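Nothing in this text is a laboratory measurement; each read-out follows from the coordinates by a stated rule. The structure presented is a predicted model; accordingly, all values stated were derived computationally and were not measured. Glycine gets a Cβ as well: all are built from the backbone with ideal geometry, and neighbour counts include every protein chain shown.
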Amino acid sequence: MFVSTAYAQTAAPAGGGGDMLVQFAPLILIFVVFYFLLIRPQQKKMKEHKAMLSAIRRGDRVVTGGGIIGIVTKVGTDDEITVEIAENVRVRCLRSTVNLVLAKTEPAGKSGGDAAPAAEGEVKPADTTAAGGIGKLFGRK
């Protein structure tokens, strides 16, 4: 009386491997987009920053993480440098706190200046290595 009649339903066809690939395709696509737009440029920027930090020499003008601008007076063997921020005012700081090198010094063996100065009235070609905003987004120079 109170029991209703149960009807058997037809079984759904078993999902194949192609159906599963279609389900995960948007996730894979999102990961690929994130890799090329976020992860890869950030890794390249970190690599360039690490190379810049390892190339710091005495005489370079640097900007620290706190915004202090100074000239490197001593580079220690470990991760410590001494920066002169004013006349006779020297600060020890970690190499990793340097955000930017403003002016690089020439190595002792190299001569300064251009090898062939431009003649009077001659126009030098512009530097075309700088890229626009989209090039910077993709990590290009």
| request: Calculate, axis by axis, the spread of Cα positions in segment 27-113 along the three principal axes, and write the results as whole Å, longest axis first. | output: 58, 32, 22
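Could you list D60, D19 so that the one with the fewest beta carbons within 10 Å of its beta carbon is first and the one with the most is last?
Working: D60 20, D19 10.
Lowest count first: D19, D60.
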